[in-house]
Amino acid sequence: MKKCEVESFLKSFFIFLFLFEILLMLNFWYEFHERKGGIEKKIETEMRLCAYTGQCHGLQKIFPRVEQVQKAGILCRDGDFYSYFRVPEAHSELTKVIYPEDFYHKRLERLEDKTLRKFEIYSIVALLISLFFALYALMPIRRALHLNEEFVKDILHDFNTPISSMRINLKLLEKEYGRGKKIERLEHNIETIMLLQHNLQLFLKELPTQSEEFSLNTLLKARVSYFETLYPQVRYRIALKWEIAVKSSPDALVRIIDNLLSNAGKYNVEGGDVFVWFDGTHLIIKDTGKGIKRPSKVFNRYYKEQSRGIGIGLHIVKKLCDELGLSIAIESQLDKGTKVTLDLRKIITSP
């Protein structure tokens with residue numbers, strides 16, 4: 001199951017189980033107190049039998065002095081249970097029957113054990129029912145996700161033919177008319193579509209996790225150079241004071257950096273700047289662009305504040321960072337720019 005499916009399943013399961021357990025606890029609490037009252041009524045009956053028939057079975061039977069006698073027939077408790085009964089042969093006399101407190105607690109313990117065992121059995125049944133309901137509730141979500149994936153796969157498949165055709169025709173135009181600004185702009189547009197295609201592919205499949213050691217400096221310089229041509233109206237400034245080696249998934253790290261550099265160029269102002277530098281164990285990408293109104297929401301799927309894009313770029317960045325064990329933080333001010341900080345401590349092998 002996908003992460004969102006697991007999350008949905010667990011939430012549904014625990015909500016169902018929680019509600020079942022609350023109902024069971026209320027029911028068994030009520031049942032326990034009902035049976036506890038029944039035990040006290042049985043004790044009173046046993047004491048009455050003891051007084052009139054002599055079948056005491058551990059109960060104490062004494063004849064108190066008249067001045068110590070309370071009202072007959074009322075069950076009292078002072079540690080032990082006791083009550084006064086009239087002697088059948090002598091109506092003027094009373095007998096006191098005592099039910100020891102230890103006997104009462106033993107009966108309560110047996111009742112508690114029986115109630116708990118019953119509660120455990122019912123809880124297991126509730127767990128199985130909750131599991132069934134959670135799986136049943138998950139089915140529509142899984143169907144919707146499957147339809148969504150099939151739709152995106154169809155789009156990606158349909159992308160391939162026109163992209164290949166555009167690239168071939170672009171090469172033919174370049175041979176015929178030479179390389180000019182119009183050809184470069186067309187090439188940049190095709191590369192933008194390719195970046196979107198890569199994001200959609202990552203949206204569908206498992207994230208790349210195969211690690212290898214490589215130079216972060218080389219990767220950053222190559223990606224910055226690429227985006228310099230893609231966004232010529234923006235100045236990319238990179239400052240790396242020392243060579244940095246990392247061990248991670250190159251594909252995943254390229255996707256992270258590409259999305260961040262693309263956003264820094266795409267949502268910048270004419271003649272704006274993008275600064276890329278390394279500060280200790282943190283890679284920082286800062287732009288002088290439009291800024292973000294709600295930085296806390298940018299990692300949510302489909303969230304966007306501009307008309308451009310479809311709102312999955314930074315969501316994929318966050319997924320990739322979580323997969324690689326990287327922390328990412330975004331600070332932004334409207335009309336002043338955005339600063340993205342990547343904590344690379346877990347993948348750096350040599351500074």
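Computed quantities for the displayed model
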item: 27 Å Cα-Cα threshold exceeded, pairs from 41/96; 241/293; 181/266; 286/319; 181/304; result: 241/293; 181/304
item: GNM top mover of 273, 258, 113 - the chain, alpha-carbon springs below 10 Å; result: 113
item: Rounded to 10°, Cα long-axis angle of helix 181-204 versus longest principal axis of the chain; result: 20 degrees
item: Cα-centred dipole magnitude for the chain, charges only on beta-carbon of K, R (+1) and D, E (-1), debye, nearest 20; result: 760 debye
item: Relative contact order, percent, the chain [alpha-carbon distance under 8 Å, six or more residues apart]; result: 12 percent
item: Inter-label distance, nm, simple model (7 Å from Cα along the C-beta direction), residue 210/residue 34; result: 6.5 nm
item: DSSP-loop GluC sites (Glu not before Pro) across the stretch 204-267, with at most 11 other Cβ within 10 angstrom; result: 206, 243
item: For the stretch 209-350, size of Cβ-based charge dipole, Lys and Arg +1, Asp and Glu -1, in debye; result: 440 debye
item: Principal axis dimensions, largest first and in whole angstrom, of the chain by Cα; result: 131, 43, 38
item: Residue among 233, 134, 180 farthest towards the positive dipole end of the stretch 92-249, charges placed on Cβ; result: 180
item: FRET E, pair residue 124, residue 42, Förster distance 45 Å, beta-carbon r, rounded to 0.05; result: 0.90
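Any read-out appearing in this document is the output of simple, stated calculations on the displayed coordinates, not a laboratory observation. This structure is a prediction, so every number in the text was calculated from the model and none was measured. Because the Cβ atoms are built from the backbone with ideal geometry, glycine has one as well, and the counts that use them run over all protein chains shown.
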